[in-house]
Each structure stands twice: as C-alpha cells, then as structure tokens.
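Enquirer: Below are the structure tokens for one structure; questions will follow.
The values are calculated or read from the model by the stated rules, or taken from the named source; none is laboratory data. Source: prediction; values computed, not measured. Note that each Cβ is placed from the backbone with ideal geometry, even for glycine, and that neighbours are counted across all protein chains shown.
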Amino acid sequence: MDSGAERVAALLLAFGTGGAGNDHGVSDLARAVGRERSQVSRMLKALERGGLVEQDPQTRRYRLGWSLLVLAASAGDTALLRAARPALRGIVARTGEVALLSVQRGNRSFTVLREESNQSLRAGGWVGRSSPMHCTASGRALLFDSDDELVEALTEADLRTPISGPAAPRNLDELLERLHDERARGYATASEEVEIGLTSVGVPVRDHSGTLIAVINISGPTSRLIGRIDESARRLHAAATAIETALKLPYQST
C-alpha cells in the first residue's frame, strides 16, 4: 500500500505527462495516477493551499504553482529566473533600489526573485511573499491584460478588507480608473498604498507569444523614488525587454 507522500509525489509528477501543455483537468490527472476523481480533487485543493499548484479561475484547470518553482530554483533555474537575475542586478546598479520579479498566484502577486540594494534604508519583502493585487505596483501590472470582470473577481475580497495604506484604491471604480491609466502609459505606480513611506514602480514581462507572465519592479522609500518615477519606468522597460529577448532566443530560427 502506497503512502500519502507517494500519492502526492505521483500527482505532482503527472503534471509533466500527457504532452497537452501546462494545464490539466482533474479528470485527466485522476486517470494519470489511477485514482478516484474526488480523491484527486481533495489532494489538489490541499496542494493549492500550500501554493504547490494553482487553479486557473476561468478554465478551472490546474498547473504547477510558483511556490514549487521557487523551491526548485535551488536545484536549477527556470528560464524566467535565469533571464531575470542579471536584469534585476542591472536595475539595482542603476537605481540603487531593491528590484523584484513577481508572478500571479491566484489573486496575489507572488515574489519569486529579489536583488538587494546596498542602501541602509530600503524596502522590505522577500522571495515567497504574497501581496494584494489592487494596491501594489507588481499586482496592478499583472492585471494589465485582465478585463474589468476578472479584475473585480481577483480583487473584491481585498477591497472589502481595508488593510492597505492611505492612498490605496478603496473601491472597484477607483481601482479600475487607476488601472486603466497605468495600462495606457505602460507601467504601474503604487505610492503610500501598501504602507506609508513606500513607493514602487512595476512593468510587465511577456513571453515569446506575448503573454504576460511576470512583472519586474523596484521598491523604495517615497522620499527617494517619488521624483524618479518616469526614469525608473524607462529603466524597468529596458530590463523587461532584455528578459523578453533572452526568453525568445530558444524560439528564434537559426
């Protein structure tokens, strides 16, 4: 009789089989591991709570979660992490502020890579930290390709719980107005929205097909960043382009 750990391992390994892309339905996974659909569904819910898998809110299909990939990074970089690391280091060198790479995990912005600043006063945050999407530069930039209905679904719980800073949007209308403006100019800015004295700027990163897959941002004291928003956005766009170019290389014909 196999153990619970062996069943979980088999389920996670099933995500790498089938050749049908990264997303899998519950029934497909149940067939792959030879288990009842209800049992696999319960296992997936437990793995989702731990961040090891995530469910697409529209298709209801599952894919491996970024928490699992963060753990895997200690053994071998993913293409995104490998491409982003030198770009983030360059941002830190040019801006003097902490630089981060974040992805969407459910209704949160999830930090998967961080490059430190040598400033004595610098932004907090750590790899593996989840943040609300409505009041962070990384979160709103991750929403750039989402329609208003999906934005509402992803942020309604946080908008009902006012735990953010004084300048954060307080309702959906405020959020959508801010998001539409930021989408038009190509970068998101959050100043005094997470906490007093903190400002961040974020821009999206896209894969070879144009899909928004991540956000890079800098974060630091408002006193240092507020007068350098446009300059910081230009540097972030240049870094995002460098990451995107590195990600495209395997897909370019020789």
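Enquirer: For the range 209-232, which residues satisfy the criterion of being surrounded by 14 or more Cβ atoms within 10 Å (Cβ to Cβ) and more than 14 Å from residue 191 (Cα to Cα)?
Expert: Scanning the range 209-232 gives 212, 213, 214, 215, 216.
Enquirer: Residue check, residue 44 against (1) modelled with pLDDT of 85 or more; (2) under 16 Å from the mean Cα position of the chain (by Cα); (3) surrounded by 17 or more Cβ atoms within 10 Å (Cβ to Cβ), all met but one. Which one?
Expert: Here residue 44 clears every test but (2).
Okay, residues lined up against (1) touching a residue at least 24 places away in the same chain (Cβ under 8 Å); (2) within 16 Å of the chain's Cα centre (by Cα):
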residue	(1), (2)
193	yes, no
213	yes, yes
229	yes, no
234	no, no
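Enquirer: Mind counting the residues in the range 168-189 that are out of contact with any strand residue (DSSP E or B) (no Cβ under 6 Å at 6 or more places or on another chain) and in a loop (DSSP other than H, G, I, E, B)?
Expert: Going residue by residue through the range 168-189, those that are out of contact with any strand residue (DSSP E or B) (no Cβ under 6 Å at 6 or more places or on another chain) are 168-181, 183-186.
Cutting the leftovers down to in a loop (DSSP other than H, G, I, E, B) gives us 168-171, 186.
Looking only at that region, the number is 5.
Enquirer: Being closer than 20 Å to residue 195 by Cα and without any contact (Cβ under 8 Å) to a residue 12 or more places away in the chain is the filter here, so list the residues in the range 164-178 that pass it.
Expert: If the condition is that a residue be closer than 20 Å to residue 195 by Cα and without any contact (Cβ under 8 Å) to a residue 12 or more places away in the chain, then 170, 174 are the ones that fit.
Enquirer: Looking for whichever is outside any loop (DSSP other than H, G, I, E, B), in contact with a helix residue (DSSP H, G or I) (Cβ under 7 Å, 6 or more places away or on another chain) and surrounded by 22 or more Cβ atoms within 10 Å (Cβ to Cβ) here; the options are 151, 201. Which one fits? Full working, then the answer.
Expert: Details: 151 fails: surrounded by 22 or more Cβ atoms within 10 Å (Cβ to Cβ).
Unique residue meeting the criteria: 201.
Enquirer: Can you confirm whether the range 72-80 contains a residue that is of a type in the set (A, V, I, L, M, F, W, C), modelled with pLDDT under 85, within 13 Å of the chain's Cα centre (by Cα) and not in a strand (DSSP E or B)?
Expert: No, the range 72-80 contains no residue that is of a type in the set (A, V, I, L, M, F, W, C), modelled with pLDDT under 85, within 13 Å of the chain's Cα centre (by Cα) and not in a strand (DSSP E or B).
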